[in-house]
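Here the structure is laid out as structure tokens; the discussion comes afterwards.
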Amino acid sequence: MKHSYHIQGMTCNGCRNHVEQTLSAVEGVTNASVNLENEEAIIEMESHILTDTFQKALPEKYTITKKQQNKVSNSVSADNVFLATEEKTKLQQLKPLFIILGYIAIATVLLNYKRDTWDEAMLDFMGLFFIVFSFFKILDVKGFPKSFKMYDPLAKVIPIYGWIYPFIETVLGLMFLMRFEIPIALIATLIILGITTVGVTKTLLDKKSIQCACLGTTLKLPMTEATFIENAIMIVMAVFMLIQFI
């Protein structure tokens, strides 16, 4: 996608070059072209990036604002959509995530309430978790890798990993539900979620405003502490169950 921005504060070609290089270095930007005379920047990006992200990257002397495009009067710019989302409370933003986790928890209870023990309830929860979450990722299997590599360290280095990740989750989900090679599934869970959690933690510490790809790109979820907690819970479960199998 390509967007136009107005930039104030440039006084020479040196400023223009500096601004162009800074914008090009922002994560997710594929190309940035700056025009000094028109005080304009044309930025191409893999997925939507908030104007605030560009502003934080630039020195204080420069001000960047989104140019209003001439569209149908009732249309809303992508920035406005994202800002409207940001104004909601975190609970409102993450409502779909909590609902899905609630359904997974209820399904886990229904699968285990007649059993003598609840020792394997965690395996059912983890299996359902991976199956459901992989389903939402596969809904937009082409768009998911672009969002995923915004924060996953391995997907940044090996792009193909982002393409196969949803199917890895599907396989892990089936392994847990079918009780097939559980130790291997648990180790794989620790590895892939551990890598992702490192990226999520870095994103949160850098205070970047990006979309979380945990439920694919169909549901527009922001990257928040809930993403870290969600991964942490799965990692703790995997460690606990792995200790049981050792």
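The values are calculated or read from the model by the stated rules, or taken from the named source; none is laboratory data. Please read all numbers here as calculations on a predicted model, not as lab measurements. All Cβ positions, glycine included, derive from the backbone under ideal geometry; neighbour counts span all protein chains shown. Ligands, DNA and RNA are excluded from the accessible area calculation, which covers all protein heavy atoms including side chains. Shrake-Rupley method; radii C 1.70, N 1.55, O 1.52, S 1.80 Å.
For the reader, a short list of remarks on this structure follows.
- Take the Cα of His6, go 7 Å toward its beta carbon, and the backbone nitrogen atoms of segment 28-46 under 13 Å from that spot belong to 38-41.
- All aspartates and glutamates inside 14 Å of Lys66 as judged from Cα atoms, apart from same-chain residues fewer than 8 positions distant: Glu39, Glu40, Glu44, Asp52, Asp79
- Anchor Lys146: aspartates and glutamates whose Cα lies under 13 Å away (excluding residues fewer than 8 positions away in-chain): Glu27, Glu46
- Relative to the longest principal axis of the Cα atoms of the chain, the long axis of helix 225-245 lies at roughly 30 degrees.
- Accessible area expressed per residue, the chain, with surrounding protein chains retained (probe 1.4 Å, Å²): 55 Å²
- Spin-label model distance (nm) - Ile229 vs Arg115, 7 Å beyond Cα toward Cβ: 2.6 nm
- Gaussian network model of the chain, springs between alpha carbon atoms under 10 Å - residue of Ala25, Ala185, Ala213 with greatest fluctuation: Ala25
- Max mean-square fluctuation residue, GNM over the chain, Cα-Cα springs under 10 Å, options Thr189, Thr53, Thr224: Thr53
- Residue order for Tyr151, Tyr103, Tyr113 - accessible surface, 1.4 angstrom probe, largest first: Tyr103, Tyr113, Tyr151
- Within the chain, the longest run free of exposed loop sites, counting trypsin sites (Lys or Arg not before Pro) that sit outside DSSP helix and strand states (H, G, I, E, B) and have at most 16 other Cβ atoms within 10 Å, spans 1-60.
- Charged neighbours of Pro159, selected by a Cβ distance under 13 Å, balance to +2 (K, R count +1; D, E count -1).
- Charge tally in the Cβ shell below 14 Å around Phe176, where Lys, Arg are +1 and Asp, Glu are -1, Phe176 excluded: -4
- The chain: angle of helix 13-24 to the longest principal axis, Cα-based, in degrees nearest 10: 10 degrees
- In the chain, helical runs assigned H by DSSP with n ≥ 4 each contribute -39500 (n - 2.57); averaged across all residues and rounded to the nearest 500, the mean residue ellipticity at 222 nm is -18500 deg cm²/dmol.
- Rounded to the nearest 20, the Cβ-based charge dipole of segment 135-176 about its Cα centre (Lys and Arg +1, Asp and Glu -1) stands at 160 debye.
- Relative to the dominant Cα principal axis of the chain, helix 78-87 is inclined by about 60°.
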